[in-house]
Structure formats: structure tokens, C-alpha cells
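First comes the structure, then the notes that go with it.
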Amino acid sequence: MIIFKSPEEIGRMRQAGRVVATTIDQLLAAVRPGLTTEDLDRLAEEFIRDQGAVPSFKGYRGFPGTICTSLNHEVVHGIPSPTRALIPGDVLKLDVGAVWDGYHADSAVSVFVAGAPSEEAEKLVRATEESLEAGIAALRSGARLSDVGHAVQQVAEGAGFSCVREYAGHGVGRALHEDPQVPNYGDPGRGPVVKPGLVVAIEPMVNVGTWRTRVLRDHWTVVTADGSLSAHFEHTIAVTEDGTEVLTARPAA
Ligand code: MG
Ligand code: MG
């Protein structure tokens, strides 16, 4: 069941979104070779709590970190580790969630760790971000929800890549994951009608090779089935009477 949000609830989610956006900006400024993913996790927890919010992911179904840190062929849900030091050329995915006054916001970025990324990595990351922008543009009052995934897929596959199918975007609110699911592929014109009060996280996960994935023995880290590179971007977006609002938009971006 989709829980539509009042303008007042969206106001609280805007605050949660601001915390997440600021935290991502602060993390991006900190990323450098030699830092471990656990160092980033510690910083993220500080940044979130300093803003009066609480990490959404910590303890979620037993997840041990404040954020997810996924490198290269890792798609999502990487666990921050004291033994994973960043190296130049790494493609790092940072996924951050925070809860403010009972409401969550969820956002992710892909970033290169110092040094020149490969041409393919650069193309992948750009296409993934563009696929998110296309998905956001398709989220309009009166549209159908599957228009979003269709738009994402058109851009990602148009660039020669594949969209992960086993994980999807989702509604966001008092719970981190609510209905509806927002897949990153599919035919347009299906699913619920988009209307004011809908708040969703759109989060394309795009691979160089196959869309298929598997989960490592840590029961969390999702990797591409063929070991190919993967990128991920995510925003939490509210549909309002005036259009849409990206609640996790970053001032510095
Ligand atoms: Mg996320
Ligand atoms: Mg999400």
C-alpha cells in the first residue's frame, strides 16, 4: 500500500534530505586514497548526528554500518571495512540514509577516487547519473510509475550498459523502504498513477556487463555476476502540487 505524504510530512522529509545531501557533500570532500571505507563510515555517522539526525541504515536488518560503501564491481550494500583502503582509480559508491523527526531520506552517488578513471568507468558513471535524471524527469503527476523505470532503462541501455533488475527504488517515508517498488527497467504506462504526496527513491544501478548480480558470503554485499564495473546514483523525490522536488539535492552539486 502506498502511503501518500502531506505537505507537512514532506517538509520533514526535506530536512532529512538536507542532512543526507550535506553528509554526502562532506564525504565527497573527504574521499582520498589511503582512507578506509570504515573511516568514511565513522565520518558519516558524525556528520549525520551533528545535524541532529540518526543514520537510517545502522542496525537495519542487522546492517553494521552507517552507510554502504561499494567499490568497483560491488553494486550496492557494501559493508564499511577497516581493511578496505581506497586506491586511485577506484569507483566508489556511497549510499547514505538519515532519519529526521521520524522520516527518512535516501541518496547515493558514485565517485572516482583520485587519479584518472578509465574511459569506460567515466562513461558508465555519466550514463548512470543521466539515467537517474531521466527517471526523475519521468516522475510527473498523471504519469504511470513504470514510466520512471522505462526512462532509466532507455538511457542506460542506450549507452551500452545494463540495469540491475534484482534491486529497485522504493517509496520512502516513516520507513526506509515502503511501497511502491520502483524498478529500473520495464515497459511504460503501467503501475500506479503518479500523484502529489508520492515520495520515492529512484536508484539506478547500472553495470558494464550483465545485469545479473550475486550476494557475497557476508550476506550483504551485492556484486555483478560477471565481475564487471557497476555504478549507482539515488535521490529521494517528492511529487507535490507544483511538480517534483528532489529532497536530497546537493547544494554543491
Ligand atoms: Mg540508498
Ligand atoms: Mg534506496
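What follows is calculated from the coordinates using simple rules that are stated; it is not laboratory data. Small disclaimer: the values here were computed from a predicted structure and weren't measured. All Cβ positions, glycine included, derive from the backbone under ideal geometry; neighbour counts span all protein chains shown.
Before moving on, here are some points about what is shown:
- Selected residue (only one of 193, 182, 199 is among the aliphatic types (A, V, I, L, M), surrounded by 16 or more Cβ atoms within 10 Å (Cβ to Cβ) and more than 13 Å from ligand 1 (Cβ to nearest atom)): 199
- Unique residue being within 15 Å of ligand 2 (Cβ to nearest atom), assigned to a loop (DSSP other than H, G, I, E, B) and in contact (Cβ under 8 Å) with a residue 40 or more places away in the chain when the list is 173, 197, 189: 173
- Among the residues here, residue 78 qualifies as part of a loop (DSSP other than H, G, I, E, B) and either out of contact with any helix residue (DSSP H, G or I) (no Cβ under 9 Å at 6 or more places or on another chain) or small (Gly, Ala, Ser) (or both).
- Residues in the range 82-103 that are outside any loop (DSSP other than H, G, I, E, B) and more than 16 Å from ligand 1 (Cβ to nearest atom): 85, 91.
- Positions within the range 111-123 being touching a Leu at 6+ places or on another chain (Cβ under 7 Å) and either part of a strand (DSSP E or B) or within 16 Å of ligand 1 (Cβ to nearest atom) (or both), in sequence order: 111
- Residue selected from the range 3-27 under the condition out of contact with any helix residue (DSSP H, G or I) (no Cβ under 7 Å at 6 or more places or on another chain), surrounded by 16 or more Cβ atoms within 10 Å (Cβ to Cβ) and among the hydrophobic types (A, V, I, L, M, F, W, C), by the criterion farthest from residue 108 (Cα to Cα): 10
- Taken over the range 130-160, the criterion of being surrounded by fewer than 20 Cβ atoms within 10 Å (Cβ to Cβ) and over 22 Å from residue 171 (Cβ atoms) is satisfied by 130, 154, 157, 158, 159, 160.
- One residue from 49, 12 being part of a helix (DSSP H, G or I) and either without any contact (Cβ under 8 Å) to a residue 12 or more places away in the chain or in contact with a Gly (Cβ under 6 Å, 6 or more places away or on another chain) (or both): 49
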